[in-house]
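Structure record follows, encoded as structure tokens.
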Amino acid sequence: MARQTRQQRRARRAQQQPALAGGSPPPTPPPPPVRPVDSGDARPEPRKPEPKKEERHAPGSRLVRFVQEAYGELKKVEWPSQRGVVSGTAVVIVACIVVGIFLYVNDMVWKYVVQHILLK
């Protein structure tokens, strides 16, 4: 069911106000018209896609256009400062060291478990 618009809600409230004050109830709107069901025989034919017109390009023009658009996008990029690059690189290196130590310790623990508990 579609959401009501503000105008429809205001009209409904305006109709409900006299009913709440002791007046007669507002008239109910007529039900929406029922569309007849097709028998299934008269189906419209599917639309055939129109054949694409091939545009002719000069050799290499696509590459030139791509490079121009790429250059335009690179001019829009907000590049980080040298300080931002250094701090970001330091964070990545520290994270790699921490993960490497965790994996090494985990590998040693499971190596011990397999050799001394599971294989005996």
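Each value in this text was obtained by applying a stated rule to the coordinates, not by laboratory testing. Owing to the predicted nature of the structure, the values given are computational and were not obtained by experimental measurement. Neighbour counts run over all protein chains shown; Cβ positions are idealised from the backbone, glycine included.
A compact table of results
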read-out	value
Extension gain from residue 17 to residue 92, taking 0.36 nm per residue of separation minus the Cα-Cα distance	20.4 nm
Separation of the residue 77 and residue 115 label points, Cα + 7 Å toward Cβ, nm	4.7 nm
Stretchable slack from residue 58 to residue 101, in nm (0.36 nm times residue separation minus alpha-carbon distance)	9.8 nm
